[in-house]
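Report on one structure; see the data block that follows.
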Amino acid sequence: SRLYIDKEAFFDYRTNRMEWHKKFTFPVACLVFFFIGAPLGAIIRKGGLGMPIIASVVFFIIYYIIDTFGHNMISSEQMGVVSGMWISSFVLAPVGIFLTWQATRKPTSYSSVSSSAQHVYANSRYAN
């Protein structure tokens, strides 16, 4: 199901489409990272500045791995250009929406959950 008989022309077509989509996926990725990073600063209050930065770096690494996977799948013609270029944004956008929703709903929810989990863990360790 190739559009071109000439493999080089088909490769050029896919490369041009990848570059065209890249012009839109990078700004969308910036918005997705904003919707992930800003709530992390509000949600993770314990640990100072270090924990939100570590969590943000982890999300960036996840984004980079998924984005590289999408590029490789496009290059090997196993995935379409549109889905391959947008997969990283589609995977992380729900995470950003969820974190923003959590931060606006109850900013200290994860702090209380983590302190409750630490309390349960400390009690179970001494019970054994």
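The values are calculated or read from the model by the stated rules, or taken from the named source; none is laboratory data. Being a predicted model, the structure only gives us computed values, none of them experimental. Note that we place each Cβ from the backbone using ideal geometry, even for glycine, and neighbour counts take in every protein chain shown. All accessible areas refer to the heavy atoms of the entire protein, side chains included, with ligands and DNA or RNA removed. Shrake-Rupley method; radii C 1.70, N 1.55, O 1.52, S 1.80 Å.
Here are the numbers for this structure:
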read-out: Set ALA117, ALA103: member being open to solvent by less than 50 Å² (accessible area, probe 1.4 Å) and modelled with pLDDT under 90; value: ALA103
read-out: Neighbours by Cβ (under 9 Å, 6+ apart or cross-chain): first from segment 76-93, open to solvent by 50 Å² or more (accessible area, probe 1.4 Å); second at pLDDT below 90 and not in a helix (DSSP H, G or I); value: GLU77/ARG2
read-out: Residue count for segment 35-46, restricted to those that are in a helix (DSSP H, G or I) and touching a residue at least 24 places away in the same chain (Cβ under 8 Å); value: 7
read-out: Every residue from segment 6-44 that is over 30 Å from GLU77 (Cβ atoms), out of contact with any Pro (no Cβ under 8 Å at 6 or more places or on another chain) and of a type outside the set (Gly, Ala, Ser); value: PHE34, PHE35, ILE36, PRO39
read-out: Total residues in segment 45-75, condition farther than 30 Å from PHE11 by Cβ, open to solvent by less than 40 Å² (accessible area, probe 1.4 Å) and in contact with a helix residue (DSSP H, G or I) (Cβ under 9 Å, 6 or more places away or on another chain); value: 2
read-out: Yes/no for LYS22 being of a type in the set (Lys, Arg) and either at pLDDT below 85 or surrounded by 16 or more Cβ atoms within 10 Å (Cβ to Cβ) (or both); value: no
